[in-house]
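Here the structure comes first, spelled out in structure tokens, and everything after it is commentary.
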Amino acid sequence: MAITKDFLAPLGVMPVVVVNDASDAVPITNALKAGGIKAVEVTLRTPAALDAIRAIKAECEDILLGVGTVVNHQNLKDIAEIGVDFAVSPGYTESLIKQSQDLGVELLPGVTSPSEVMKGMELGLSCFKLFPAVAVGGLPLLKSIGAPLPQATFCPTGGLTIDTFTDFLALPNVGCVGGTWLVPNAAVEAKDWQAITDIAAKTVAKIK
């Protein structure tokens, strides 16, 4: 099974969450959910990540759990055992995609060019993460790719802000966007969960 535009479109904005202390994972997720967020992408960038993901899986309902920074086969095995809703990678290899399909893990692979999109489509995919979105061309790149490859849908991530993300969402080939602005480090360190809820609510309001 592959991620579709119908899966991405209702999400709107997907927070990219880096968890340094696993005990923060559930409060962060609940704070985002309280602000109207429907999915989170917890990255595998820290030693606490897998414990954080397990905690969210066990304790947080009514929010889709994605795992980001999936870069190798062991990452896929780990998250398949946990039973997450989807995975996100900064790029992809053919073997990574095939293993995700074998394990039944829905993968949103990262791309930066039409060639990568075409290769992914040959492997049965139609949705991709454009990363790092702003650095590789942002809005102009997505508009350019949309003309020859209208069947491809994107979740641009990397460099988007609360002031610019709606410009991306307005494009017909963008299903949702990813961003780190929803979970500021200062709020997490202060355990100011209300601040995260407020940012999430402000973000969701801009979509509506």
From A186, A200, grab the single residue that is surrounded by 17 or more Cβ atoms within 10 Å (Cβ to Cβ), of a type in the set (G, A, S) and in a helix (DSSP H, G or I).
A200
Failed item, numbered, when A39 is tested on (1) touching a Cys at 6+ places or on another chain (Cβ under 9 Å); (2) under 20 Å from F7 (Cα atoms); (3) without any contact (Cβ under 8 Å) to a residue 40 or more places away in the chain
(3)
Exactly one condition in (1) in a loop (DSSP other than H, G, I, E, B); (2) surrounded by 24 or more Cβ atoms within 10 Å (Cβ to Cβ); (3) out of contact with any helix residue (DSSP H, G or I) (no Cβ under 6 Å at 6 or more places or on another chain) is false for I37; which is it?
(3)
Single residue of A58, A22, A2, A80 found to be free of Cβ contacts under 8 Å to residues at least 24 places away in the same chain and surrounded by fewer than 20 Cβ atoms within 10 Å (Cβ to Cβ)
A58
Considering only region 23-30, I want to know if a residue exists there that is more than 16 Å from V88 (Cα to Cα), at pLDDT 95 or above and touching a Ser or Thr at 6+ places or on another chain (Cβ under 8 Å).
no
Within region 7-32, tally of residues that are assigned to a helix (DSSP H, G or I) and more than 15 Å from the chain's Cα centre (by Cα):
9
Scanning for something modelled with pLDDT of 95 or more, in a loop (DSSP other than H, G, I, E, B) and of a type in the set (V, I, T), does region 131-151 turn up at least one residue?
yes
More than 18 Å from F7 (Cα to Cα) and either in contact with a Phe, Trp or Tyr (Cβ under 6 Å, 6 or more places away or on another chain) or of a type in the set (A, V, I, L, M) (or both): which single residue out of L160, L125, L107, L171 fits that description?
L160
The condition from (1) farther than 16 Å from E41 by Cα; (2) buried (at least 21 other Cβ atoms within 10 Å of the Cβ); (3) among the polar types (S, T, N, Q) that T157 misses is numbered (1)
From S95, S100, residue being under 18 Å from S126 (Cα atoms), in a helix (DSSP H, G or I) and touching an Asp or Glu at 6+ places or on another chain (Cβ under 8 Å)
S100
Consider V13 carefully, then state whether it is in contact with a Phe, Trp or Tyr (Cβ under 9 Å, 6 or more places away or on another chain) and either surrounded by fewer than 23 Cβ atoms within 10 Å (Cβ to Cβ) or touching a residue at least 60 places away in the same chain (Cβ under 8 Å) (or both).
yes
Please verify whether D163 is farther than 20 Å from D85 by Cβ, free of Cβ contacts under 8 Å to residues at least 40 places away in the same chain and part of a helix (DSSP H, G or I), treating the condition exactly as stated.
no
Residue under evaluation L44, criteria (1) within 17 Å of G158 (Cα to Cα); (2) among the aliphatic types (A, V, I, L, M); (3) in contact (Cβ under 8 Å) with a residue 40 or more places away in the chain, criterion not met
(3)
Residues to consider are D192, D167, D198; find the one that is closer than 17 Å to L8 by Cα and of a type in the set (D, E).
D167
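The values are calculated or read from the model by the stated rules, or taken from the named source; none is laboratory data. None of the values given here were measured: they were computed from a predicted structure. Methodologically, a virtual Cβ is constructed for each residue, glycine included, from the backbone with ideal geometry; neighbour enumeration extends over all protein chains shown.
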